[in-house]
1. So for each of 46-55, 59-68 I average, over its residues, the number of other beta carbons within 10 Å; can you give me the resulting order with the highest mean first?
2. Using the Cα centre of the stretch 57-134 as origin and beta-carbon charges of +1 (Lys, Arg) and -1 (Asp, Glu), tell me which of Phe69, Ala129, Val111 is placed farthest towards the positive end of the dipole.
3. Step through the residues of the stretch 47-61 one at a time and calculate ³J(HN,Hα) from phi using the Karplus curve (6.51 cos²θ - 1.76 cosθ + 1.60, θ = phi - 60°), rounding each to whole Hz and writing x for Gly and Pro.
4. Quick one: 3J(HN,Hα) in Hz for the stretch 80-85, Karplus 6.51/-1.76/1.60 with θ = phi - 60°, rounded, Gly and Pro as x.
5. Determine the dipole magnitude for the chain: charges of +1 sit on the beta-carbon of Lys and Arg, -1 on that of Asp and Glu, nothing else is charged, the reference point is the Cα centre, and the result goes in debye to the nearest 20.
6. Between Ala65 and residues 5 or more places away or on another chain, which pairs have amide H atoms under 5 Å apart, with H built 1.01 Å from N, and which residues are they?
7. For Met109, what residues show an amide H to amide H distance below 5 Å, using hydrogens built from the backbone and excluding near sequence neighbours?
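Throughout, read-outs are computed from the coordinates displayed, never taken from laboratory work. This is a predicted model, so every value here is computed, not measured. With ideal geometry, Cβ positions are generated from the backbone for all residues, glycine too; neighbour counts draw on all protein chains shown.
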Amino acid sequence: MLVFAYGSLLSPVSASATIGRELSLDDMTEYLLLGWRRVWRAHLPLVGENLHGDVDGVFLDVGEAPGEFVNGYAFAVDDVEMSRLRAREVVYDLVDCTDLVFPAPEESMGVFVTRPEHRVPRPGALALAPTNYVRLVDEASSADEGFRRRFAASYVSPTQPQFTGTYRLAEV
């Protein structure tokens, strides 16, 4: 199966750390997810350095948007690697996007989409975007000039305030 990456999984380093196998850009192929857009709406409770009180980290998601597109990289995973991805993407569901990408893939493809209950902050939680996550996505998108131009056309920076420091996912 192929996984469509649109956020931090665009980084071969990030994807490799998750699946337990080294990936390079040579292992990834660019696709366009048609009728969708990147949105900053995946809310995960965080704890960590410089975080006080209830904090939701805000991460990228994709949402339906007729006439728009998301460019990303797809890479192949086996069942064990998919289990590792599902454990990482704990507030996301894997959605079949095989018929929604261009060019048409030769095998099935899925994209991680945030579950509805995690698309808004928890009551009373402060929503912040981790600076190191925003930077990782930005750096991962700059490997190829053509990819970078298409990425810029389908990306908006987070509107939430950003924070600097280490963090980890709290219990979900």
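1. Values: 46-55: 14.3, 59-68: 16.4.
The densest-packed peptide leads the list: 59-68, 46-55.
2. Value: Ala129.
3. 10, x, 4, 6, 10, 10, x, 7, 10, 9, x, 10, 10, 6, 9
4. 5, 5, 5, 4, 5, 5
5. Values: 15 positive and 25 negative charges, 128 e Å.
In total the dipole reaches around 620 debye.
6. Trp36, Arg37
7. Under 5 Å from the amide H of Met109: Leu2, Cys97, Thr98.
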